[in-house]
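Every number here is computed from the coordinates shown, using simple stated rules; none is lab data. Here the structure is a predicted model, which means the values were calculated and not measured. Quick reminder, even Gly has a Cβ in these numbers, built from the backbone with ideal geometry, and neighbours come from all protein chains shown.
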Amino acid sequence: MKPWTVLGGSILITTAAAILLPSLQMLDSGTAAVRETQATISPQQRVLLTDDNLVDTLNELPLTTPIASVSWEHSVLTLDVKLSKEETTPLEIYQNMTELAAFSFYGTTNVRQLLLRVVTEDEWSGERHLLLASDIRRNEWTNEALEQLRNREGAELPEDLKSRFRITVTPMWQNRFSGVYTN
């Protein structure tokens with residue numbers, strides 16, 4: 001009787017694995033809406049981001065603020081965007097965030113997380129100061145989020161975007177932009 005129990009248990013475990021593994025893959029890839037959005041917004045060829053093509057690919061993005069530093073490790077793209085002029089507005093920064101997120105999640109096949117920091121540099125000391133940090137993840141990024149960033153009317157971000165992007169601002173941001181964004 002014991003061999004039949006072992007055989008039955010093995011068959012049950014194998015069947016459960018065959019049913020559950022595709023479900024786990026779906027969770028990892030994100031929701032159906034995200035995949036549909038990726039196909040809709042990015043019909044062009046999506047790139048596989050590597051160390052070899054990282055600089056050239058990022059250089060093609062239509063950003064209005066320069067990239068100060070970049071890191072690519074384990075499907076995490078880390079970017080520091082440097083404000084180089086005093087006239088830079090929060091709307092311009094948010095537009096650059098939109099471009100970088102759209103590129104990361106619709107223009108590539110292998111970026112799972114975008115860590116974005118907005119920094120400014122002291123003219124005299126050359127020291128960098130953090131203004132804003134954001135942690136954007138592929139499985140939480142949707143077409144709705146992209147449209148909210150692209151079509152906002154004011155500099156204040158909606159609460160759901162602040163939460164979704166895990167945005168943190170520093171007192172220096174608040175001083176520079178006179179309370180445009182406060183926690």
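Label points 7 Å out from Cα along the Cβ direction at residue 12 and residue 125: separation in nm?
Reported label-point gap for residue 12 and residue 125 is 6.6 nm.
Using 0.36 nm per residue, how much length does the chain from residue 53 to residue 143 gain when fully extended, once their Cα-Cα distance is taken away? Write down the numbers at each step before the final one.
Values: separation 90, 0.36 × 90 = 32.40 nm, distance 2.63 nm.
Result for the pair: 29.8 nm of gain on full extension.
Report the FRET efficiency, 1/(1 + (r/R0)^6), for residue 75 and residue 19, where r is their Cβ-Cβ distance and R0 is 30 Å, rounded to 0.05.
Details: r = 27 Å, r/R0 = 0.91.
The calculated FRET efficiency here is 0.65.
Just order 61-73, 133-145 by mean Cβ neighbour count inside 10 Å, highest at the front, would you?
Packing order, densest peptide first, comes out as 133-145, 61-73.
In debye, nearest 20, what is the charge dipole magnitude of the stretch 32-176 about its Cα centre with +1 on Lys and Arg Cβ and -1 on Asp and Glu Cβ, if you could check?
420 debye
How many percent of all Cα-Cα pairs in the stretch 32-176 sit more than 23 Å apart?
34 percent
Quote to one decimal, in nm, the extra length available between residue 85 and residue 110 on full extension: 0.36 nm per residue of separation minus the C-alpha distance between them.
In short, 5.7 nm is gained.
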